[in-house]
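What follows is a set of notes on a single structure, which appears directly below.
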Amino acid sequence: MAGHIAGSSKIVIAPFIYKWPDERCLLAYTSHRDKGIAAVVPLEEAAPSLWDVAAAHLPTNVQDEYEAYGRWCLQVAWGLSVMPRKESLVLTGEEWSLRGHRAVDQFKWQQSSER
């Protein structure tokens, strides 16, 4: 899925601190067909690599690093869309496009507890 992607589905854009205490960007979440999409919107010239931010937050001994990083990226962005902050911008029906740099096509879903 990396490459150029465009759509008009609902998009949520929210402030995100990627390096404590003051390095910020905007994080966007939307969906395209049957996929969730997380993207960084830079506030200044240089935007952080969301992949590198994930690497800084995850242990180095994960079994499938690629999947773990992708899962982290989507969960963080999805969380901002589910519980939007008052500073969040929610757009519905607006055209958007992005250049994808990395993609994780399939996940092995995990649950945190059994019932």
Please report how many Lys pairs in the chain have alpha carbons closer than 25 angstrom, counting only residues at least 8 apart along the chain or sitting on separate chains.
4
Value at 222 nm in deg cm²/dmol, rounded to 500, when DSSP H runs of n ≥ 4 in the chain each add -39,500 (n - 2.57):
-7000 deg cm²/dmol
Based on the Cα coordinates of the stretch 39-85, what is the per residue volume of their convex hull in Å³?
84 Å³
Length-normalised contact order of the chain, Cα under 8 Å, at least 6 apart, in percent, tallies to 39 percent
The Cα extents of the stretch 1-69 along the principal axes, largest first and rounded to whole Å, are 36, 31, 18
What is the gain in length, in nm to one decimal, between THR92 and ALA47 on full extension, counting 0.36 nm per residue of separation less the C-alpha to C-alpha distance?
13.7 nm
Considering the chain, what Rg and Dmax in Å follow from its alpha-carbon atoms?
14.3, 47
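Quick note: the coordinates plus some simple rules give every number you see, no bench work behind them. What you are looking at is a predicted structure, and each value in this text was computed from that prediction instead of being measured.
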